[in-house]
Each structure stands twice: as structure tokens, then as C-alpha cells.
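See structure below.
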Amino acid sequence: MKRRSGPSLRQQLRPLAKCPGCHGQGVTSGLFHEMPCPDCNAGGVVDKETGAALAVDDLVLQLRLWLAKAMQDNRQLKRQLADMKGDSNGRGYGEGRGHGPMGMKYHGD
């Protein structure tokens, strides 16, 4: 059990939900144009527990943290896909020289 006093030294991801006013779009339709959603400060997300809009500086921070997490997950999935495909030359398991279009073997017949 760790003892701590005061706020965390690292920024934490907060659980977010789609804004019910704009359905996660960040804009609402006016009569002739779109306007920034007042319910979520045009962010498209609200606090999941309270349903309140985040302050603009907190909204920017949370969106940046969520984007960094999504990019990290994307890199990890790309790495897993590359491992499944095979070596760095693009050859997968059991593939060697002689593959033609659409992955068919070409024997020169």
C-alpha cells in the first residue's frame, strides 16, 4: 500500500462519455449554420460520472491523453500484425521465392 498526500504527479485519464446534446459531434445545428455545442464546450465529450462539461484546459489535456493512448494501441497492433506476417522483408511463413500475382506460385510452365 502506497502512501500519498496531495494530488497525483502524473496526469490521469478520466472516463469520458459522448455528449448527449450533440451526440459526440461537438456542434449543434442552428437554423442556417452549425454552432459549437454549449453542453460540452465543443469537445463532444462530457465527464462520464457527473455528465458535466469539462473545462477547456482540462478538455484539451484529456483529449491529448486519449489520443496518445490510441496512438500507442495502434503502434502495438501494427507490431503484432508485422509479427504475424513474418520477417521484415514482407515474407510470411512458408513463403519464398517464386510467388506471382495474387500469391500464386509460378513454376515457369
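Take the conditions under 15 Å from Gln12 (Cα atoms), outside any loop (DSSP other than H, G, I, E, B) and polar (S, T, N, Q) and apply them to Gln72. Does it pass?
So Gln72 fails the test.
Filter segment 1-45 down to residues that are surrounded by 12 or more Cβ atoms within 10 Å (Cβ to Cβ) and basic (Lys, Arg) and give me whichever is modelled with the highest pLDDT.
Within segment 1-45, the match that is modelled with the highest pLDDT is Lys18.
Which one of these is farther than 22 Å from Gly24 by Cα, surrounded by 10 or more Cβ atoms within 10 Å (Cβ to Cβ), at pLDDT 90 or above and among the basic types (Lys, Arg): Lys69, Lys78?
Lys78
The values are calculated or read from the model by the stated rules, or taken from the named source; none is laboratory data. Quick caveat, the model's predicted, so the values are computed rather than measured. Backbone-built Cβ (ideal geometry, glycine too); neighbour counts: all protein chains shown.
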